[in-house]
Amino acid sequence: MTTLLAAVAGWTLAAALLWELRRRAALVADAAHELRGPLTAISLGIEALRRQPAARHRAEALATEVCRMEIAADDAAAAARGRRAVARPERLDLAPLVRGSGEAWQPAAGRRGGRVTFDWRADPAAVHADRRRLAQAFGNLLANAVEHGGGEIVVRSRPANGGIRVEVEDRGTAARGRVRRAGRGRGIAIATRALEEAGGRLISFDRPGGGRVAVAELPVERPS
Amino acid sequence: MDGGETQVLVVEDDEATAEFLLDNLRADGYRAAAASGVGEGLRAIEVRQPDLVLLDLVLDDGHGLELLDTVRSADGLASRLDPALPVIVLSGRSGETDRVRGFARGCDDYMAKPFSYPELHARIRAVLRRAADRSRRGVMRVGALVVDPITRRVHLDGKPVHLSAKEFSLLQTLAADPTAVFPKEQLLRDVWGYVSMGNTRTLDAHACRLRKKLAGSARPFVLNLRGVGYRLTEPL
């Protein structure tokens, strides 16, 4: 009798848990779906802004940030089914995308007394990747450098090992502590995964004299 | 600027999305207008006669596919809806099932939100290019009857109808204005090339054979108005 009661209680608990999991997954899927409408409007608004020469710079930065929001919405929708967003790889020029991420974080760097500078010495580099994933990777690297590093942020590119190497270097002048370290970790993990999905990798190390250097390496697509 | 005089109708209930879409389309030279629901969209299609429709699926007063169904099932007689009107669906749902459903209901292309405007613009141009090819062919559709003047093929309810050269020419003439009455002398002049009024028995014999060959559908074709002439079909 006791065994039977225990079995019924166990089955009821499992059913309740399953129902709760499904309810939560549906809530996440609905929330992700609801993001698509406003994201469409913002993306179209940015495109209209791009046509104005004076606003073009800011529009590029906003477009890169919208890419990050799009992949986040797609990841959330896929997460409700226990998956990651389906990749949409394309041949794309890396320089404007990285520059867009840098420009997006320029105001935040300025508020902290720093700035983002570019030193792009690699040839125009076409990579085969999901634009949204790369926006996510470089957005996180820039966010980390601005929020957890500080000072002048240098975004540098060099050709490397048949691919391209993009360094995001900060001077580490921002206040440091356990919380800031923890925040850096999550952004780095997201950037690492995003770069690996694009066939690349992320290395990071302390900068001599203070600060951190995050190095993203990506394979370059050869002209066919 | 490459829209020219092309008119695009945006059927979208989200005001911000509709407004920004209009901004971009107008900047590219299109004449663009917006409607927020199924009813307003259908009225706008009838009044404005757009070259292409961008159709959201979740609308104020119903589902975008209802609008698509109404357009695709139009016979070109009961309303001013062109059943071949190019339609690109813009949907918040990006799953394979949703896309397949959209294509099955007759959309020309399907874009999941959020989409990039440059890609949408490229697809608009591609769909319009295909539509231009189609209209250059001059395919005529009257209810279940489809007449292609280039291949000289005729289909009724999707089945081929085999016509002689003169029967086809007669049908082509009548189909150019399906409910208008063509006087016999005009048909003899246009189809047979008679300068003066000749023997109308030739015309009557061809019209009778054509009527029999097109007798398979619910709508009667090739109607004889005694003493006057012929028309392809009755107005609704």
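Which one of these is at pLDDT 80 or above, under 27 Å from B:M111 (Cβ atoms) and out of contact with any helix residue (DSSP H, G or I) (no Cβ under 6 Å at 6 or more places or on another chain): B:R153, B:R129? Before you say what the answer is, go through the steps one by one.
Numbers: B:R153 fails: under 27 Å from B:M111 (Cβ atoms).
Of the residues listed, the single one that is at pLDDT 80 or above, under 27 Å from B:M111 (Cβ atoms) and out of contact with any helix residue (DSSP H, G or I) (no Cβ under 6 Å at 6 or more places or on another chain) is B:R129.
Which one of B:A33, B:A18, B:A78, B:A84 is modelled with pLDDT of 90 or more, of a type in the set (G, A, S) and out of contact with any Asp or Glu (no Cβ under 9 Å at 6 or more places or on another chain)? I'd like the intermediate steps shown before the answer.
Details: B:A18 fails: out of contact with any Asp or Glu (no Cβ under 9 Å at 6 or more places or on another chain); B:A78 fails: modelled with pLDDT of 90 or more; B:A84 fails: modelled with pLDDT of 90 or more.
Only one candidate qualifies: B:A33.
Taking the stated definitions as given, is A:G37 surrounded by 14 or more Cβ atoms within 10 Å (Cβ to Cβ), within 8 Å of chain B (Cβ to nearest Cβ) and at pLDDT 90 or above?
Against the criterion (surrounded by 14 or more Cβ atoms within 10 Å (Cβ to Cβ), within 8 Å of chain B (Cβ to nearest Cβ) and at pLDDT 90 or above), A:G37 does not qualify.
Can you tell me which of A:V98, A:V86 is within 16 Å of the chain's Cα centre (by Cα) and within 22 Å of A:P38 (Cα to Cα)? Please lay out each step first, then the result.
Details: A:V98 fails: within 22 Å of A:P38 (Cα to Cα).
Only one candidate passes the filter, namely A:V86.
Working only within segment A:57-67, note down all residues that are touching a residue at least 60 places away in the same chain (Cβ under 8 Å) and within 12 Å of chain B (Cβ to nearest Cβ).
Hit for segment A:57-67 is A:C67, nothing else.
Would you pick out the residues in segment A:101-119 that are of a type outside the set (D, E, K, R), within 19 Å of A:V220 (Cβ to Cβ) and not in a helix (DSSP H, G or I)?
A:F118
Quick one: which of A:V8, A:V98 is more than 13 Å from chain B (Cβ to nearest Cβ), in contact (Cβ under 8 Å) with a residue 60 or more places away in the chain and either part of a helix (DSSP H, G or I) or under 16 Å from A:A135 (Cβ atoms) (or both)? First the steps, then the outcome.
Working: A:V8 fails: in contact (Cβ under 8 Å) with a residue 60 or more places away in the chain.
On inspection, the qualifying residue turns out to be A:V98.
Looking only at residues in segment A:30-70 that are touching a Lys or Arg at 6+ places or on another chain (Cβ under 8 Å) and hydrophobic (A, V, I, L, M, F, W, C), which one is farthest from A:A137 (Cα to Cα)? Please lay out each step first, then the result.
Here is the first cut: in segment A:30-70, the ones touching a Lys or Arg at 6+ places or on another chain (Cβ under 8 Å) are A:33, A:36-37, A:39-40, A:49-50, A:56, A:59-60, A:63, A:67-68, A:70.
When the remaining residues are screened for being hydrophobic (A, V, I, L, M, F, W, C), the result is A:39, A:49, A:59, A:63, A:67.
Working: A:L39: 19, A:L49: 25, A:A59: 19, A:A63: 15, A:C67: 11 Å.
Here the residue is A:L49.
How many residues does segment B:34-60 hold that are closer than 21 Å to B:A112 by Cα and either surrounded by fewer than 17 Cβ atoms within 10 Å (Cβ to Cβ) or out of contact with any His (no Cβ under 9 Å at 6 or more places or on another chain) (or both)?
First pass over segment B:34-60, keeping only residues closer than 21 Å to B:A112 by Cα: B:34-38, B:41, B:52-60.
Of the ones still in play, those that are also either surrounded by fewer than 17 Cβ atoms within 10 Å (Cβ to Cβ) or out of contact with any His (no Cβ under 9 Å at 6 or more places or on another chain) (or both) are B:34-37, B:41, B:52-56, B:58-60.
Total satisfying the criteria: 13.
Going by what's in this entry, would A:A32 be described as within 12 Å of another protein chain (Cβ to nearest Cβ) and either aromatic (F, W, Y) or over 23 Å from B:D13 (Cβ atoms) (or both)? Even if it seems obvious, please write down each step before you answer.
On the way: within 12 Å of another protein chain (Cβ to nearest Cβ): yes; either aromatic (F, W, Y) or over 23 Å from B:D13 (Cβ atoms) (or both): no.
No; evaluated as a whole, the condition is false for this residue.
Can we say A:R22 is over 21 Å from B:S116 (Cα atoms) and either in a helix (DSSP H, G or I) or modelled with pLDDT of 90 or more (or both)? Outline the logic, then answer.
Numbers: over 21 Å from B:S116 (Cα atoms): yes; either in a helix (DSSP H, G or I) or modelled with pLDDT of 90 or more (or both): yes.
Criteria met by A:R22.
Does A:A54 satisfy being outside the structural domain of A:R133 (by TED's automatic domain parsing), over 19 Å from B:P118 (Cα atoms) and aliphatic (A, V, I, L, M)?
On the way: outside the structural domain of A:R133 (by TED's automatic domain parsing): yes; over 19 Å from B:P118 (Cα atoms): yes; aliphatic (A, V, I, L, M): yes.
In short, yes.
The values are calculated or read from the model by the stated rules, or taken from the named source; none is laboratory data. This is a predicted model, so every value here is computed, not measured. Note that each Cβ is placed from the backbone with ideal geometry, even for glycine, and that neighbours are counted across all protein chains shown.
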